[in-house]
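For reference, the structure is listed below as structure tokens.
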Amino acid sequence: MIEIKDLTLRFGSLEVFKGLNLEIEKGEHLGVCGRNGRGKTSLLYLLKGIIPNLFSAEILGKVQVMGRSPGDGIIGQVGIMIDEFEEQVTGSTVEYEIAFPLENLRLPRDEIRKRIDYWLSFFGLDRKKDQDPWTLSGGELQRLVLATVLATGAEIILLDEPTSNLDFEGRRELRDLLNELNKTAIVADHDPMVLCSFDRVLHLGPEPEIVTQAEFKAGLEDLRPLSGPGSFPEYRPSREAIIQVRDLKKLKGSFQLTVDELKIGNGELVAIAGRNGAGKTTLARLLAGIDRPDQGKVEVRGSEVGSYSGRDRARIVSYLYQNPDHQLFASRVIDEVLFGVKNLGLDEGFAKIGLETVGLSEKKDLDPFLLPKGDRQLVALASTLALRPEIIIFDEPTTGLDYPGIIRIMGLIKLLNDRGHTIIIITHALWIIEHYIPRVIWMESGRIVDDLSTREFMKRYA
């Protein structure tokens, strides 16, 4: 179904990969992994025809998809979800987002209705079909894009980081779904638990390598980080509460967040976890003072977070967005980091220290939007560190990062906590919770249902 022979791909002087040989049979599921920048996305774009039809590149060798050159009359037979999946969303409602490509395929009205209903139900979005897609959580939005791709009935499914924003159950459901579908699937992902479910895994490095499922599973032992099995970070509750929440309510469309009471101690490292749409980001934005509650109080350092001026709040609590592109705007890394420093009248040397802490000093004159996503996240973090806030809230900081990138940013988060910063991190990655986080707040349907040490959390939810 897909044949690649002696493929070399270059963008100008940048050689993405060289000498790639690969044959994929109908119905096969291939995982693709490798360091950021090794060509995972480029390979998917090439198979879809996005390269070279939209992005020019030098292509040497042979690439055929269903017996044709990519993009040559097979557009409807190849579906893709890109890693920046938000860029694929165009519909005014959840329902119409799925309907749009089906209408372009000129399917009968009854068939369109049938497919919309099926995939909305499958991904748990049927009750939100009339909502604006941008009112969904990040995980729900990713589910919607997945539903849109799968609803087309394409014979070949290309998925780039499809689990990056999905919760534990969502990742399992996707693995089960791909196993049930009689489709050819090529999935680029960093999650080894996702990759080990595929027939084969292609590792893109200096020399591309293809391994069987059994060989890949055998190599997972090398990926075990830090402590051994059964060893958890010790939870030591702080006596001094830096954040206190009481009788909190926030209504967003048909969703309501309700938190009766929550205390986070000074210097703690806490994870907020739960299913997609449980209210994790909604709660985090309220804790940071970005949004205001409809009822109740969020107190930081004994005062309501909304009572602080913007300048004072920036020195106390900072929020790093799930997508770093939502908070970057400058044309140079150093200007991005200096922006807050100058506005708050701080020592400009703080910007230098922020860049040094995240290891980006040598990239200070580069355009942040030309950097890999992992580096863009570090730019956002450097901008925050330069302000020296007491509390830092991270919303899915490891999304889209390769394994070394995850270890790097989690090491920085641990270092910041060791230096006295209070850290709150939203994550779906169980192994990150297991190895780094002492305390876990578990949310369901807009409520906190458990507040546990990691040891107890893993016993109950892992």
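Per-structure values
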quantity	calculated
Simple spin-label estimate for ASP335 and PHE55 in nanometres, 7 Å along Cα-Cβ	2.4
Projected-area average for the range 241-461 over all orientations - Cα convex hull basis, square nanometres	11.7
Low-density loop positions, trypsin sites (Lys or Arg not before Pro), the range 309-344 - DSSP coil, at most 16 other Cβ in 10 Å	ARG332
Euclidean distance between Cα centres, the range 1-71 to the range 272-330, Å	41
Charge context of ILE448, other residues only, Cβ under 9 angstrom, K/R +1, D/E -1	-4
Estimated FRET transfer efficiency (GLN295, ASP418; beta-carbon r; R0 25 Å; 0.05)	0.10
DSSP-assigned coil residues among chymotrypsin sites (Phe, Trp or Tyr not before Pro) in the range 1-104, each with at most 12 further Cβ atoms within 10 Å	PHE55
Cα centroid separation, the range 85-149 to the range 370-440 (Å)	32
Helical contribution to [θ] at 222 nm, DSSP H n ≥ 4, -39,500 (n - 2.57), averaged over the chain, rounded to 500	-10000 deg cm²/dmol
Cut-off 13 Å between beta-carbons: net charge of the residues surrounding ARG68, Lys and Arg +1, Asp and Glu -1	-1
Translational diffusion coefficient (Stokes-Einstein; Kirkwood radius from C-alpha pairs) of the range 310-392 at 25 °C, 0.890 mPa s, in µm²/s	199
Over the chain: Rg over Rh, Cα atoms, Kirkwood Rh	0.97
Alpha carbon convex hull of the range 5-82, volume per residue in cubic angstrom	102
Sparse-neighbourhood loop sites, GluC sites (Glu not before Pro) in the range 317-392 - DSSP loop, at most 12 other Cβ within 10 angstrom	GLU348
Debye-sum result for the range 2-223 in log10 I(q)/I(0), which assumes one identical scatterer on each alpha carbon, at q = 0.17 Å⁻¹	-1.26
Whole-number D in µm² s⁻¹ for the range 141-211, Kirkwood Cα-pair radius fed into Stokes-Einstein, 25 °C, 0.890 mPa s	190
0 to 90° range, to nearest 10: angle between helix 138-151 axis and the chain longest Cα axis	10
Degrees between helix 373-385 axis and first principal axis of the chain (Cα, 0 to 90, nearest 10)	10
Rule-of-thumb Rg ratio for the range 389-462 [Cα; 2.2 N^0.38 Å; N residues]	1.12
Summed residue charge, Cβ within 13 Å of SER318's Cβ, Lys/Arg positive, Asp/Glu negative	+2
Nitroxide proxy distance, nm - points 7 Å out along Cα→Cβ at TYR461 and GLU207	4.3
Fully extended contour minus Cα-Cα distance, from SER309 to VAL449, at 0.36 nm per residue	47.1 nm
0 to 90° range, to nearest 10: angle between helix 333-343 axis and the chain longest Cα axis	30
Spin-label model distance (nm) - ARG239 vs GLU215, 7 Å beyond Cα toward Cβ	5.9
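Read-outs: derived from the displayed coordinates by stated rules, not from any lab. From a predicted model like this one, the values you see are computed outputs, not experimental measurements. We place every Cβ from the backbone using ideal geometry, glycine too, and count neighbours over all the protein chains shown.
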